[in-house]
Structure formats: structure tokens, C-alpha cells
Amino acid sequence: MPSFEYSIRDKKGQALKGYMDAPGIREAALKLREEGYYITSLQPKGEAKSGAEKQSKIFQKKVQLRELLIFTRQFGVMIRAGVNLASCLNLMTQQTENPYFASVIHQIRRNVEGGETLHGAMAKYPKIFPTIYIHMVEAGEASGQLETVLFRLVEHLEREFELKKKVTGAMTYPAMVVVVAIGVIFGLMTFVLPNFLDMFRGANMKLPGVTLLLMATSDMFVKYWYLILAVLVGMVLGVKFYYDTPSGRRKIDKLLFNIKVVGPVIQKLASARFSRTLATLLESGLMITLSLEMVERAVGNTVVADAISKARVNITQGTGLAKPLAEKKVFPPMVTQMIAVGEETGELSTMLNQVADFYEKEAGYAIESLTKLIEPAIMVCLGGVVAMVVSAVMIPMFSLSTGVK
């Protein structure tokens, strides 16, 4: 009799691994489910893992949000048309342009055909399918409303994509200007200015302070350009490494949240994401405590996530959601007031959707305003650098030409 290797979770969520004998993989899956276990992995003992699974354990290639959105929309359309699950996944494997994503879908189909649930097969690829996605699919499978859940996910992903596109689009131009400005200054200091400055040195003339400063800076760039470049790269990587640590992320998020110009933008973005995500999860039939736990991970800011976490604890003690959120003051008053009205009327998801509609627009306006503030600031700084360079070169040039005459 064949032997199968399994990874499961019991009713308390504890992870377990082991081996079992069964006539086939379907029978093994059925036996585990009858015993009340949730299957996370089930395969013949000693079977080599697929390329997609190996990559998922070591590193996962990127699957864009837009690709996941297209996959979910097409998947929902085929389910609505009555195509069975395995055939849907097979068709999606053929239609997906991203080779890595196609291999992942192929492996999901194999696992589903082997008796695993769809959400269990997707859960092996957390870098592609977020926790919210997996739990909503699980709710859809349990209720027999997978089609409805998939189209709710499509709406959710579309709004996430639009919000992300707004943020990326608004910040692309300032970022490009900064990069070009740094490149131009680096080129001037390293390749162009040394020729002018050598001429001034040979003239044995008294140079103004700004020119002497520029000479010293240019010499430093020429002699130690590789060290300067290494320091800049090291600073960027250092900040990224520090932000990836729990304490670093918390401190940086708190700092950004408290900056008067940036803080309101982050608050509006967090309000929109919190409201929309929570509404989508509640409409899919998930419990509010589980929904808040997932929103806490998806909100994108540890300051807001801590407030949601404490509100979730208060809910388990019998209090509502609006009051603990209002006490933390991380959301605008309108958000908590609308939540309070939703709790009183029993229309919490409806109120949350209205809040999300409002703050998605407000976040867009706030991002545009922030961009309009950043662009002049960059131009002023760049203009100051150019003015300093021009004055440092032109003043000695004027003195030199006067002396020749």
C-alpha cells in the first residue's frame, strides 16, 4: 500500500507532520479530513517537489498584482460558466503569460486533483496569494459561493491596484528628478569641474570661499568617488535592512505617521485600505475577529496595525470596534463614527464601503497635493546647487578676464 507524507493543522491551529498508508491520495485526504485536520500538504512519500514548490521554499519570483487580478477575474468567469475547478486551473495554466505563475497554477491543479482544497493548495504560495485571498477562497468553498467570493476579490484587487497606481504614479516623477539631479551633480563634480578648477590653480590668484569649497568637494569626488558611491548604496541598503526589522519598521512608521506633511497621506491611505478590506472580508462571511487579524497584516503601517490589534482584543472581551479605535486616534473621526453607526444598525460592511469610497478619493487628492509640495522643494534644492556651482566658477573667471585686460 502506498505511503503518503502529510503536513496538517489540528483544530487549535497546531502544525503536525507525518506519514500514513492509504490506497490513494484521495483516500488519504478524506481520512485526514474525517479526523478533523486541515491539510496544508499531502504527497506520496519521497516524491520530488515540483520546480515551483522548490522555488517557493527558497525564493519566489515576482507575480504582479495586475497578474493576480487578471487570474482571479478569468477564474471567476469560468466558474460562473460552469467549468469544473480542475479544468479552470488547466485553462489558466495555458493562458497565463508569466511562466513562473503558470507553473504555480499547474501545481495547484495537481494538488486539487489529488484531493486537496483550493485554498490549501494556494496557501503554499503566500508570496503570490495573500492571507486575505486564501481565507476568502476558503469561505467561498465552505459556503458553496466560490464564484461570488472570486468576484468580490476582483473588486478588492481592482481598488488595491488603482490605489497603488496612484501612489506609484505620483511619486515616479519626483524620484526620477532626484536620481537625475544626483547623477548630473556627480558627473559635474567628477568630470567637468576639475578642468576649470585646474585652470584657476595655475593662475595663482586669490579664490573666493565658495570656489575653494567647490575645489575641495570636486577633489574628494575625483579621488574617492567609489567610496562616496559605496556610502550612498550602503545608506539605502542600511535603511532598508533596518526597516525590515520589527523595531525598525515600528520606529520609521511612527516617524512618518507623525510628520505633518506625510502623516495625513498615510492616514488616509490606511483608512481606505482598512475599511475596504474589512468590508470585503465581512461580506464574505468571515468572523470579525479573524477579519481584523488579516486587516492588521494588510494595512501597511505598524502604527495603524497596533491600534487594530488592540481593538481586536477588546472585541473578544465584548466591546465594540468603534470605541477602541477612536481611543487610539490613528483614524480620522469620520471613520470611527461611521463604524459606530454601522454597529448600531447592523450595516457595518455597508458603512465601511462608504468610508472606503470617500477615503480612496481623499487619498488620491492628498497624494497629488504632496507631489505638488515635493516638486518645488526639489527644484529649489537643485537650483541652489546650480547657483553655487555657477557662482564658484564665474566669479574667478570674471576676475581672471579682468586681470588679463
For residue 310, go through the aspartates and glutamates and keep the ones whose alpha-carbon is under 15 Å away, minus same-chain ones fewer than eight residues off. 293, 296, 327
Let's see if you can work this out: charge +1 on each Lys and Arg Cβ, -1 on each Asp and Glu Cβ, no other charges. What is the dipole magnitude of the range 123-223 about its Cα centre, in debye to the nearest 20? 520
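Please work out how much length the chain gains when fully extended from residue 206 to residue 368, using 0.36 nm per residue of separation minus the C-alpha to C-alpha distance, in nm with one decimal.
Numbers: separation 162, 0.36 × 162 = 58.32 nm, distance 4.86 nm.
Gain in length upon complete extension: 53.5 nm.
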Top positive-direction residue, dipole computed over the range 118-216 with Cβ charges, set 121, 169, 205: 205
Note down the net charge around residue 351, summing +1 for each Lys or Arg and -1 for each Asp or Glu among other residues with Cβ under 14 Å from its Cβ. -4
Dipole magnitude of the range 223-277 about its Cα centre (Cβ charges: Lys, Arg +1; Asp, Glu -1), debye to nearest 20: 180
Quickly work out the residue 316-to-residue 391 label distance, labels modelled 7 Å from Cα along the C-beta direction, and quote it in nm with one decimal. 6.3
Filter the cross-link list 165/329; 165/268; 268/361 down to pairs whose alpha-carbon distance in this structure exceeds 18 Å. 165/329
Over the chain, what is the relative contact order in whole percent, taking alpha-carbon pairs under 8 Å and six or more residues apart? 13
Using the Cα centre as the reference, give the magnitude of the dipole from point charges on the C-beta atoms of the chain (Lys, Arg: +1; Asp, Glu: -1; all else neutral), rounded to the nearest 20 debye. 1160
Between the modelled labels at residue 261 and residue 21 (7 Å from Cα along Cα→Cβ) the distance in nm is 7.2
Gain in length, residue 87 to residue 66, computed as 0.36 nm per residue apart minus the alpha-carbon separation, to one decimal in nm? 5.3 nm
Nitroxide proxy distance, nm - points 7 Å out along Cα→Cβ at residue 220 and residue 309: 4.1
Note to self: C-alpha centroids of the range 84-139 and the range 211-232 sit apart, in Å, by 53
Per residue, what volume in Å³ does the convex hull of the Cα atoms of the range 161-405 enclose? 143
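A short reminder: the numbers here are calculations on the coordinates, not readings from a lab. These numbers were taken from a predicted model, which means no experiment stands behind them. All Cβ positions, even for glycine, are placed from backbone atoms using ideal geometry, and neighbour counts span all protein chains on display.
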